[in-house]
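The values are calculated or read from the model by the stated rules, or taken from the named source; none is laboratory data. All values derive from a computational prediction rather than experimental measurement. Please note: Cβ atoms are built from the backbone with ideal geometry, for glycine as well, and neighbour counts cover all protein chains shown.
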Amino acid sequence: MLIDRKRRSYLVWLKADGAYDLRGGRIAHDALIGQSEGTTVETSRGERLLALRPTLADYVLAMPRGAQVIYPKDLALILILADIYPGAAVIEAGTGSGALTMALVRAAGPSGRVCSYEVREEFQRTAARNIARYLGETPTLALRLHDIATGIPDAPADRLVLDLPEPWRVVEPALGALRPGGIFLAYVPTTIQVQQAAAALRASGGFAQVEIVESLLRPWNVEGQSVRPAHRMVAHTGFLITARRVISEGETGAEDGSPSAVSFEV
């Protein structure tokens, strides 16, 4: 990633003998390949740029998109609210462009597994390319084309994370997919979706602790003695709905819900 003096950033894929053109001139890829992060390079017109490896947040905002991505502020909160831990078996639905998928894979770590479902093949192709470019090989990730509202074949799982327009359709399949104590999380943009999803979770008899939050991110400018909030902020992007899988009346509770070995294959 190249950053100019106005803090504009440019995502560049390096290859031998390649070049990148921008307003301030041209930069040869060979001038960057093999250099340390934090190097400053000059364009053909003498403009200096800072070279850094993009963070996941940088990459998510700049990568090619098939579907709208979940913003970094929500990705971070999802990992905490869904309690994605190293070794977790995670099922995701709504792969989209792969932003949330990458965050889940990194949080679950090499001993965990993530199975991500998508119903649109073109979105899955875009996500697969985005994931491969940033993470490289991902042996702990399985990408599948399937509508989990019709069933969740890769169960049981410790966590279920949804980015779907109708997450209430997944509540019934989730009862059989989540281990007791497991966490259901859905990301939705509107209050109507929140209302329907929350009602379905509460009516199911198998979920408790239903909670809804949103996050608002406001940067601040600090220059000398001047300290003030930025004029622009990332306000509402979506709501996060969470619930815990519990033993309902008539269930045996055969599994104790403790962190367990991954059950599905990738």
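Quick check on the stretch 153-173: of everything there that is hydrophobic (A, V, I, L, M, F, W, C) and over 20 Å from the mean Cα position of the chain (by Cα), which residue is surrounded by the most Cβ atoms within 10 Å (Cβ to Cβ)?
Among those residues, the one meeting the criterion is Val171.
Quick one: what pairs do we get from the stretch 69-82, first residue touching a residue at least 60 places away in the same chain (Cβ under 8 Å), second basic (Lys, Arg), C-beta under 7 Å, 6+ apart or different chains?
Taking only residues 6 or more apart or on different chains, the pairs are Ala82/Arg159.
How many residues are closer than 17 Å to Arg179 by Cβ and in a helix (DSSP H, G or I) if we restrict to the stretch 84-103?
Residues meeting the conditions: 0.
Ala103 versus (1) crowded, with 18+ Cβ neighbours inside 10 Å; (2) touching a strand residue (DSSP E or B) at 6+ places or on another chain (Cβ under 7 Å): which is the lone unmet condition?
(2)
Per-residue answers, yes or no, for (1) over 16 Å from Asp158 (Cα atoms); (2) modelled with pLDDT of 95 or more; (3) touching a Gly at 6+ places or on another chain (Cβ under 6 Å):
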{"residue": "Leu201", "(1), (2), (3)": "yes, yes, no"}
{"residue": "Val227", "(1), (2), (3)": "yes, yes, no"}
{"residue": "Ala235", "(1), (2), (3)": "yes, no, no"}
{"residue": "Phe239", "(1), (2), (3)": "yes, yes, no"}
{"residue": "Thr242", "(1), (2), (3)": "no, yes, no"}
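What are the residues in the stretch 1-53 that are in contact with a helix residue (DSSP H, G or I) (Cβ under 7 Å, 6 or more places away or on another chain) and basic (Lys, Arg), if any?
Lys15
Sort out which residues of the stretch 20-38 are surrounded by 13 or more Cβ atoms within 10 Å (Cβ to Cβ) and hydroxyl-bearing (Ser, Thr, Tyr), and write them in order of number.
Selection gives Tyr20 alone.
Given the criteria under 29 Å from Leu11 (Cα atoms) and at pLDDT below 95, does Ala67 qualify?
Against the criterion (under 29 Å from Leu11 (Cα atoms) and at pLDDT below 95), Ala67 qualifies.
If only one of Arg7, Arg65 is among the basic types (Lys, Arg) and exposed (fewer than 13 other Cβ atoms within 10 Å of the Cβ), which one is it?
Result: Arg7 is the single residue among Arg7, Arg65 that is among the basic types (Lys, Arg) and exposed (fewer than 13 other Cβ atoms within 10 Å of the Cβ).
Could you say whether any residue in the stretch 12-19 is of a type in the set (Phe, Trp, Tyr), surrounded by 17 or more Cβ atoms within 10 Å (Cβ to Cβ) and at pLDDT below 90?
no
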